Structure formats: C-alpha cells, structure tokens
Amino acid sequence: MLAAFESVVNSFRESLSFENLKSLIGTVLVIALIIVISALVMRIVNSRLTAYLLREDKRYMSERRAKTLVPLLKSIVRYLVYLIAGLTILSKLGVPIGSLLAAAGIGGVAIGFGAQSLVRDVITGFFILFEDQFAVGDHVSLSGVSGTVEEMTLRVTKIRDFGGQLHIVPNGQINQVTNHMGSRMRVLFEITVPIDVDGKKVEEILCNLFKKFAKEHSEVQEGPSLLGVSRVDHTGVSYQLIAKTDPGQQWAVERELRGAVWKELIAHGIYPAVPQQELRTSDFRKFD
C-alpha cells in the first residue's frame, strides 16, 4: 500500500517537471489568445456588417430587408467563430479532431431523425427570408398571433403584440402569413347620418375636409375620398369613405379621420344617426 502511494507521488512530481509546466503554460496562453482573437473577430465583423448594411448614403437593399439580415448574419458569424475556436482549442489540447468530426457525422445522422422539427424550422425560415414574406418591423398575422416582427432567425420568429407580450413562433409552425405592410394600406369605414339630412350638404362638407386633411397628413398617399352611399335603412344614410396610407399608418389615420369627420359634421349641425322605432296604437273602442 505504501509502495503504491509512493509511486503516485513520484508520478505527480514527474508531471510537475519544468518542461511539462512550460508546455502547460504555453497551452493556456494559446487558448487565451484564441478566445481574445475570436472576441475581436466577432466585434469587428458585427460592426462592419451593421455599418455596411444599414448605411444611408448607399444602400443595396431596402431598410426593412437590411434590419432583418443584420441580426441573422450576426448569429451565423457568432456560431462559425465559436465552432472554429472550439475546434482549434480542442486540437491544442491534443484531442484528435479528425476522429471527432467523423464521430460527429455519424452522430449527426442519428440525431437528425430525432430533430426533424428543428430541420423543418430551419428550412422554412430560409424560404421565408429568401422569398421576403415579411421582415423586421412588419405587422403580420401568423399562427394565431398578430403583432410587429421584432427579430427573425432561421429557427424562430419573434413577434411583439399590441399588449407588449413577446411571442416566439417556430418557423416550422408558420403555415399562412398575412402581412399588413403593403406598399399602400387601405382605410375604409362608414359614417351614418340621419335620413332627413341633405346629402349634397354632407358631401360638400366632407370634400372640403378631405382636402385639408390630406395636406396636413403626409402619410396619406391617396384620398381621403367619398365612395358614395353604401346603404339606406331605418337607422339613416351610410356613406363609405376610403383612403390609402403609408404602411403601418392605416390605423392611426383611420382614428384621426373618423374624429375629424364627426367633428366637422357636428360643427355644421349634423349628428350621428341613431336607431329609431315607430310605435303605432289603435283605438280598439271602434270595434265595440
């Protein structure tokens, strides 16, 4: 027992020889240098990507497209740097990289059968980006969620709804997309005035208002204009209004336009129509 202990102590002393200690310090310094260089490479590449894709003086793509690609390319660069740095560090530690990569290839085939959903997410994400179905900043509806796209990767899409909640949707679950950010978004709504109001007066008031509204709102691309009478019933006469706005501005324009229309009509003595009921009674005494 004592002999075995002395053998272990002697082996430990031999491992602490000057040559081994020098080799160990050199390996640690090389690993530290690899980590520092990797951090610098990621910082430089990320800053250059941001400066190149988001520069305003000369842009090779739309701003929405650039804001979508910047975080995606940054994540790709990060993973590549991590992979190269990790393999380099393992080689410095004496790990056989060739056999490790071969084992990883065989294991990857086995893992692939159990990670089909991950593969589907990545493939779907690639086609979403390639086809430019939506981009960061767009307001979309997909997979039962509506909101503004905050971030896109090859695997997931992050959407912030109007309540402030962040929804992370795997790309493989996106079957149908409704993008509310077309080149021109439509504002369409009705107003209903009492049936006894002069229609020409209503049209004149609205036309004058529309000219003033269009001058004060640069986000309005077309209109506002009056399409005409959409329906007439016991409630009153309904007029349909339409306008075309910049992407993402349709809701704000609709709210402001509704308020401006009724403010102007009320100023001219025209109030919203209310449902009316007519009550008829009969004198049953004449049947006696």
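List of remarks:
- Among residues of the range 216-255, those that are free of Cβ contacts under 8 Å to residues at least 60 places away in the same chain, outside any strand (DSSP E or B) and either touching a strand residue (DSSP E or B) at 6+ places or on another chain (Cβ under 7 Å) or crowded, with 16+ Cβ neighbours inside 10 Å (or both), counted: 4
- For Pro275, the conditions (1) at pLDDT below 85; (2) over 28 Å from Phe162 (Cα atoms); (3) assigned to a strand (DSSP E or B) all hold with the exception of (3).
- Selection within the range 200-215 - exposed (fewer than 14 other Cβ atoms within 10 Å of the Cβ) and over 17 Å from Ile242 (Cα atoms): Lys200
Condition check ((1) closer than 30 Å to Lys158 by Cβ; (2) modelled with pLDDT of 70 or more; (3) not in a helix (DSSP H, G or I)) across all residues:
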site	(1), (2), (3)
Gly26	no, yes, no
Leu29	no, yes, no
Ile35	yes, yes, no
Ser47	yes, yes, no
Arg55	yes, no, yes
Leu69	yes, yes, no
Val77	yes, yes, no
Thr88	no, yes, no
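- Complete set of residues in the range 90-130 that are within 30 Å of the chain's Cα centre (by Cα) and either at pLDDT below 65 or among the basic types (Lys, Arg) (or both): Gly112, Gly114, Ala115, Arg120
The values are calculated or read from the model by the stated rules, or taken from the named source; none is laboratory data. Bear in mind that the values here come from a model prediction, so they are computed numbers and not experimental data. Every residue, glycine among them, receives a Cβ derived from its backbone with ideal geometry; neighbour counts consider all protein chains shown.
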